[in-house]
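Student: Encoded as structure tokens, here's the structure I'll be asking about.
The values are calculated or read from the model by the stated rules, or taken from the named source; none is laboratory data. All figures in this text were calculated on a predicted structure; none of them were measured in a lab. We place every Cβ from the backbone using ideal geometry, glycine too, and count neighbours over all the protein chains shown.
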Amino acid sequence: MATKMMFNCSCGALFDIGNATGMENHIDIHIAHAVVESVVHISTTPTTLTTVQDALIVQIRIKRDGDRLENDVLAEYPAASGKMWRCGRESQSDWSSLVSMESQGLVVYPFRAYTFDERDHYDIADGADLTAAVAAISMAVLTERALAQGYIDAVLAATDEGDAEDAAEPYLAMT
């Protein structure tokens with residue numbers, strides 16, 4: 001019988017039973033997924049290269065969404081003002097909520113927004129100014145996502161485990 005014990009995610013991803021860290025990282029990113037231990041036919045198990053690539057992609061996404069967007073990537077608005085804004089998920093959600101409130105006429109202008117470190121502020125003048133602020137933050141987020149995707153693409157293009165690790169290393173080493 002050619003079977004192997006694996007972690008099997010509801011999305012179809014498979015993790016070697018010894019790769020609990022990879023499985024946990026996957027669940028951290030995809031919180032709605034469910035993982036079970038299961039016995040699978042050996043022909044369905046990923047190759048070592050695939051396993052390494054999957055783990056590196058998860059690490060890049062965690063680095064992008066956690067360290068980089070939460071702590072390192074800041075957006076400047078207004079341009080050349082020196083006023084810097086967070087780009088993490090909570091900040092993106094807050095700005096999105098503000099846009100939603102503005103579309104319902106619930107924002108009173110000028111609206112005071114505080115910078116990432118709460119040491120400075122900017123008084124948003126009107127809906128157009130709000131749109132420009134959100135655009136600046138969105139651009140910083142999309143730029144970081146594109147940067148990370150380039151490293152993910154390089155990991156996926158690798159022909160062996162060492163090349164995959166080498167492809168991911170510069171992004172994972174960013175501070």
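Student: Please find, among 157, 125, 135, 140, the residue that is buried (at least 16 other Cβ atoms within 10 Å of the Cβ) and either modelled with pLDDT of 95 or more or under 18 Å from residue 76 (Cα atoms) (or both).
Tutor: Sole residue among the options that is buried (at least 16 other Cβ atoms within 10 Å of the Cβ) and either modelled with pLDDT of 95 or more or under 18 Å from residue 76 (Cα atoms) (or both): 140.
Student: Right, something else. Can you find a residue that is modelled with pLDDT under 90, over 30 Å from residue 142 (Cα atoms) and part of a loop (DSSP other than H, G, I, E, B) anywhere in the range 22-44?
Tutor: no
Student: Still on this model: Regarding the range 51-68, can at least one residue be identified that is touching a strand residue (DSSP E or B) at 6+ places or on another chain (Cβ under 7 Å) and either at positive phi or of a type in the set (Val, Ile, Thr) (or both)?
Tutor: In the first step, residues of the range 51-68 are kept if they are touching a strand residue (DSSP E or B) at 6+ places or on another chain (Cβ under 7 Å); the result is 51.
Among the residues that remain, those that are also either at positive phi or of a type in the set (Val, Ile, Thr) (or both) are: 51.
Yes, that holds for at least one residue.
Student: So, in the range 1-19, exactly how many residues are over 15 Å from residue 48 (Cβ atoms), over 21 Å from the mean Cα position of the chain (by Cα) and either without any contact (Cβ under 8 Å) to a residue 40 or more places away in the chain or assigned to a strand (DSSP E or B) (or both)?
Tutor: 5
Student: Okay, moving on. Using the structure shown, decide if residue 89 is touching a Leu at 6+ places or on another chain (Cβ under 8 Å) and either surrounded by 13 or more Cβ atoms within 10 Å (Cβ to Cβ) or closer than 17 Å to residue 145 by Cα (or both).
Tutor: Here the answer is yes, as residue 89 does meet what is asked.
Student: On to the next question. Restricting attention to the range 1-58, which residues are touching a Lys or Arg at 6+ places or on another chain (Cβ under 9 Å) and more than 22 Å from residue 159 (Cα to Cα)?
Tutor: Across the range 1-58, the qualifying residues are 17, 25, 29, 39, 40, 41.
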